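Participant: There's a structure below that I have some questions on.
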Amino acid sequence: MLDLKDLLGQSGQSSKKPNIASEEEQKKLDQKLIDINIKDLEEKTANQSRQIGIPYINLADFPISPEALILISEEDALKYQVVCFYRTEEKVKLASTQVENPGLADLREQTEGAWGVKTELYLISEHSFKLAHQRYATLPRVTKIVKGVEISPEDFEYFKNKVKTFKDLNQEIQNAKISDMVTLIMASSVQSGASDIHIEAEETAIKIRFRIDGILVEVAEIDKKFWPKVISRLKLLSSLKMNVTDRPQDGRFTIYLKKEKTDVRVSTLPTAYGESVVMRLLRASVAGLSFEDLGFRKDVEEKLKMQIERPNGMIITTGPTGSGKTTTLYAILNKLNDPETKIITLEDPIEYHLKGVNQSQVDKSKEYTFAKGLRSILRQDPDVVMVGEIRDLETADIAIQAALTGHLVVSTLHTNDAAGALPRFLSMGAKPYLLAPSLNAVIGQRLGRRICKECKKEITLGPEKLARVKKILSEIPEKSGIKIDLNKLRFYKGDGCEKCQGLGYKGRVGIYEVLIIDPEIEKAVLEGDLSEYKMKELLKGQGMVKMVQDGILKALEGLTTVEEVFRVAE
């Protein structure tokens, strides 16, 4: 890149200053020499443009808007000596000192794909490029243009009225521009309450599927010829490398809608027919769920509340991925969060931001693990500690010690049910005499789809399902205090309507079992007697309602269907 010496030296002047009395005169002379050399350089560049047949432009006084400049990253601008100096919805003008660079052709193609525009290329001098490049310093004020998808309230209302079914969405997508196509997908995912968006390359088309209430639903199909442009747009939004197609990448961006925002975690994966993209939608409203809204039965809620409000001990949630464990932990933290309580979390990754809570993210690449992070957290004088997951003995030991020394620890464990947490800790190598007094309660959980309120109707179960349901209900422990007349059972389902996109379900309901660590269970842990028979007797004596039983009770209330309970909890 040209500097003052380059411009002074190009006219053959000596770098030794002439003997001029005034320093001011020297400055004037230097400036004249610079102006002469700039003019000469621009003339040479203009001549070169005529020779190669590419138009020339001087950007010295051209008003480049930040919205135009931001289309090319500063890294690519320096690499290809290129700037975007003009932008409309249909056209983008690029200027470079290296117009014949093969890499520039790829960059033009990526820009056209990402923004759905045509590009025009101009030749500029090195001096012109230097002046234009200096304007990147203004870009922090407009980062949201790249980092997010902004949907105005008017556009969202228009979308809701226009797109009432996934069939409507598919038709709208076929006629949309690339940038609008991505916005349509995002708006539809928010409107339908999807947790994930799957965009998958197949042999002849691109399939779009939403995970709604835990189930994947095919919502649209895109012609394969549009896929390079769509994925380029998504990569640009997520700050991923455009030219990397042969290995996975991870990024994120934000959907801005009214006063709400949804963070989107993006993952790309190379497949046989092209890159596949999965986007996880993280809504702030999920983190704001109250403990009372989780859906525990009232008797269980009261018992669990007592354990949560103790000043020390461990509360563990168990279940497979996607069973709502993190949501439960956040709801517990919301219950405990007040100015008198210091709460610190250790997460991988931080999914939702909680006001008044110190949140830390582990990073294996920097050897910042759950165990190391937990040790550091305990030196921060916390009252409550949340550990995203207990995966190994080191983390388990530190969590147990913390629970025994005046801290309330909440965490998750991968087991199928609440009772399975006890042998899981012991199989890791936890010492029974420390584990037994440290545990307060273990929550086993699943998420079932909630029947749509708008189209709910009563149904009659077939004889096989009914017999199965009666057997499950008959095994509810007497000590639970739950009494059910097995001859007066009523069941429901959703018929499918506009509100639920014809699925019959809208939203999800928690299905739980809660194991309170009482003296009898403590004794069994200390003695190492956690056989299936022994645990069955202990749970029966405690009156614990199992997950599948809790699910059937919720089906009787009309919250979910028997089929959903069998799918997720049995």
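Any read-out appearing in this document is the output of simple, stated calculations on the displayed coordinates, not a laboratory observation. This structure is a prediction, so every number in the text was calculated from the model and none was measured. Heads up, the Cβs are rebuilt from the backbone with ideal geometry, glycines too, and the neighbour counts pull from every protein chain shown.
Participant: Say the cut-off is 27 Å between C-alpha atoms; which of Lys335/Lys457; Lys298/Lys453; Lys305/Lys540 go over it?
Facilitator: Working: Lys335/Lys457 35 Å; Lys298/Lys453 22 Å; Lys305/Lys540 21 Å.
Listed pairs above 27 Å: Lys335/Lys457.
Participant: Now, a different point. Once the Cα atoms of segment 390-474 are picked out, what are the Rg and Dmax in Å?
Facilitator: 19.6, 54
Participant: With a cut-off of 8 Å between alpha carbons and a minimum separation of six or more residues, what is the relative contact order of the chain in percent? Present the calculation step by step, with values, prior to reporting the outcome.
Facilitator: Details: 993 pairs, mean separation 54.6, N = 570.
Relative contact order comes out at 10 percent.
Participant: Right, next: Over segment 154-216, what lengths in whole Å, largest first, do the semi-axes of the equivalent ellipsoid take, defined as the square roots of 5 times the eigenvalues of the alpha-carbon gyration tensor? Walk me through the numbers before you get to the answer.
Facilitator: Values: eigenvalues 68, 50, 19 Å².
Three semi-axes, in Å: 18, 16, 10.
Participant: Moving on. What does DSSP give for the chain in terms of the percent of beta bridges that are antiparallel, rounded to the nearest 5? Spell out each step's value before the answer.
Facilitator: Values: 57 of 91 bridges.
So the antiparallel bridges in the chain amount to around 65 percent.
Participant: Taking a Cβ-Cβ separation under 4.7 Å as the criterion for a possible partner, which cysteines of the chain have none?
Facilitator: For the chain, the answer is Cys84, because their Cβ atoms have no other cysteine Cβ under 4.7 Å.
Participant: Another question, then. Would you list Leu269, Leu329, Leu131 from fewest to most Cβ contacts within 10 Å?
Facilitator: Listing Leu269, Leu329, Leu131 from fewest to most nearby Cβ atoms yields Leu269, Leu131, Leu329.
Participant: Here's a follow-up. Kirkwood Rh, segment 237-349, all Cα pairs: how many Å?
Facilitator: Numbers: mean 1/r = 0.0579 Å⁻¹.
After inverting the mean inverse Cα-Cα distance, the result is 17.3 Å.
Participant: Same structure, new question: In nm, to one decimal, how far is the Leu216 label point from the Glu203 one, both placed 7 Å along Cα→Cβ?
Facilitator: Modelled inter-label distance: 1.8 nm.
Participant: What is the packing order of peptides 312-320, 211-219, taking the mean over residues of other C-beta atoms within 10 Å and listing the highest first?
Facilitator: Packing order, densest peptide first, comes out as 312-320, 211-219.
Participant: Can you sort Met535, Met428 by how many other beta carbons sit within 10 Å, fewest first?
Facilitator: Ascending Cβ contact count within 10 Å gives the list Met428, Met535.
Participant: Continuing with the same structure: Provide the packing ranking of 445-458, 291-304, i.e. peptides ordered by the mean count of other C-beta atoms within 10 Å per residue, highest first.
Facilitator: Details: 445-458: 20.3, 291-304: 15.9.
Ranked from most to least packed, the peptides come out as 445-458, 291-304.
Participant: If packing is taken as the average count of other Cβ atoms within 10 Å, what order do 220-228, 51-59 fall into, highest mean first? It would help to have the intermediate numbers written out before the result.
Facilitator: Details: 220-228: 16.7, 51-59: 14.3.
Ranked from most to least packed, the peptides come out as 220-228, 51-59.
Participant: Considering every Cα-Cα pair within segment 488-564, what fraction, in whole percent, is farther apart than 21 Å? Spell out each step's value before the answer.
Facilitator: Details: 1396 of 2926 pairs.
Tail of the P(r) past 21 Å holds 48 percent of the pairs.
Participant: Right, here's the next one. Would you mind getting me the FRET efficiency between Ala105 and Lys28? Use the beta-carbon distance for r and R0 = 45 Å, nearest 0.05. Working shown, then result.
Facilitator: On the way: r = 44 Å, r/R0 = 0.98.
With a Förster radius of 45 Å, E is 0.55.
Participant: No solvent, one uniform scatterer per C-alpha: report log10 I(q)/I(0) for segment 458-531 via the Debye equation at q = 0.18 1/Å, two decimals.
Facilitator: Computed log10 I(q)/I(0) values: -0.97.
Participant: Provide, as a two-decimal number, the C-alpha radius of gyration of segment 321-477 over 2.2 N^0.38 Å, N being how many residues it has.
Facilitator: Values: Rg = 19.3 Å, N = 157, 2.2 N^0.38 = 15.0 Å.
In units of the 2.2 N^0.38 Å rule of thumb, it is 1.29.
Participant: Kirkwood hydrodynamic radius, computed over distinct alpha-carbon pairs, for segment 365-434: how many Å, to one decimal?
Facilitator: Details: mean 1/r = 0.0792 Å⁻¹.
Across segment 365-434, the inverse of the average 1/r is 12.6 Å.
Participant: May I ask for the Kirkwood hydrodynamic radius of the chain, worked out over all distinct Cα pairs and given in angstroms to one decimal? Could you put the intermediate results ahead of the total?
Facilitator: Details: mean 1/r = 0.0354 Å⁻¹.
Computed over Cα pairs of the chain, the Kirkwood hydrodynamic radius comes out at 28.2 Å.
Participant: Regarding segment 454-499, what's the average projected area of the Cα-atom convex hull, expressed in nm²?
Facilitator: Working: hull surface 17.3 nm².
That works out to 4.3 nm².
Participant: Follow-up. Out of every Cα-Cα pair in segment 327-378, what percent are more than 14 Å apart?
Facilitator: Values: 704 of 1326 pairs.
The share of Cα pairs beyond 14 Å in segment 327-378 comes to 53 percent.
Participant: On average over all directions, what projected area in square nanometres does segment 171-309 have, based on the convex hull of its Cα atoms? Kindly include the intermediate steps, with their values, before the conclusion.
Facilitator: Working: hull surface 43.7 nm².
Mean shadow area of the hull around the Cα atoms is 10.9 nm².
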